[in-house]
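A.B. asks: Pasting in a structure now, in structure tokens, and then I'll have a few things to ask.
The values are calculated or read from the model by the stated rules, or taken from the named source; none is laboratory data. Source: prediction; values computed, not measured. Positions of Cβ are backbone-derived with ideal geometry, glycine not excepted, and every protein chain shown enters the neighbour counts. Only protein heavy atoms, including side chains, enter the accessible area calculation; ligands, DNA and RNA are left aside. Shrake-Rupley method; radii C 1.70, N 1.55, O 1.52, S 1.80 Å.
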Amino acid sequence: MILFFMNTVCFFISVLYDLHQAHPDLELVKELYPTCKKQMDITMRMFDQEGRFLPDEEYPIFVDWSNDFNKDTAGHAETIYVMKQFISLAELAEEKENDKYRTFLQRIVIYARESLYDSEKKLFVTGDQEYNIASQVWMVLAHVMSEEENREIMTSMVDNLFPVKNIATPYMYHCIVEALYEGGLHEEATKLMRDYWGKMIDLGADTFWEAFDPDEPEYSPYGSPIVNSYCHAWSCTPVYLISKYGTCPQV
């Protein structure tokens, strides 16, 4: 059986959206749109009529190689993130059923705000009453709440869930740093970037690694660090973040 990760497959939509934003190509969007639509329709079936995300073990959520935290709310948020981009692509492709996707987006956003957000803690919770970093990060990146609320969420995350533990990839650390920037916590974002990627440099890295847990430097999702990539595309994102947010950490 071939195993597909739900969110990483959905990010095909994000790649096309980002590509079109940087280098507009309507012909390419229309050519690839049917693939995007098929993926979005599959993902929509993972939500009930109330807008609640129903994980499928045969179509798991990735988020991070670590399995030490519940990923349901992060998966819900990632769907919102991608659906917003999909609707923009659907408009370009002259999708006749776009109202269906707008209605779906509204339903899952309302569910997130009303059923997953703890207004006292200023944090999003998972179905098993767990508060974790990934849930906050992806809800902020998906801009489910207002800018002021996003700042409150990131502040609460730093106060209650830091230091970062049980996150195993530079990919997820990238998302954490970006969410901190999006929430207006530039100092905290820059510090985390310096501490995490700087730690790899301290250990002798001259390229950045696919997997790295500062508390367990020999960690590998494949059973041995020898199998890890030592020059992985998703590990090099500080360059992107520095360029986007105009902050250059001193490593």
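A.B. asks: Before we move on, is LYS37 in contact (Cβ under 8 Å) with a residue 24 or more places away in the chain and either over 24 Å from VAL109 (Cβ atoms) or not in a helix (DSSP H, G or I) (or both)?
C.D. replies: Details: in contact (Cβ under 8 Å) with a residue 24 or more places away in the chain: yes; either over 24 Å from VAL109 (Cβ atoms) or not in a helix (DSSP H, G or I) (or both): no.
For LYS37, the condition - in contact (Cβ under 8 Å) with a residue 24 or more places away in the chain and either over 24 Å from VAL109 (Cβ atoms) or not in a helix (DSSP H, G or I) (or both) - is not met.
The rows are residues; the columns are (1) in a loop (DSSP other than H, G, I, E, B); (2) open to solvent by 90 Å² or more (accessible area, probe 1.4 Å); (3) at pLDDT below 95.
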residue	(1), (2), (3)
GLU218	yes, yes, yes
TYR222	yes, yes, yes
SER235	no, no, yes
THR247	yes, no, yes
VAL251	yes, yes, yes
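A.B. asks: Let me ask something else. Kindly check whether there is at least one residue in segment 44-65 that is at pLDDT below 95, aromatic (Phe, Trp, Tyr) and touching a Ser or Thr at 6+ places or on another chain (Cβ under 6 Å).
C.D. replies: Taking every residue of segment 44-65 in turn, at least one turns out to be at pLDDT below 95, aromatic (Phe, Trp, Tyr) and touching a Ser or Thr at 6+ places or on another chain (Cβ under 6 Å).
A.B. asks: Search segment 189-213 for residues that are β-branched (Val, Ile, Thr) and pair each with any residue that is in a loop (DSSP other than H, G, I, E, B) and open to solvent by less than 60 Å² (accessible area, probe 1.4 Å) when their beta-carbon atoms are under 7 Å apart and the residues are at least 6 apart or on different chains.
C.D. replies: Cβ pairs passing all conditions: THR190/THR247; THR190/PRO249.
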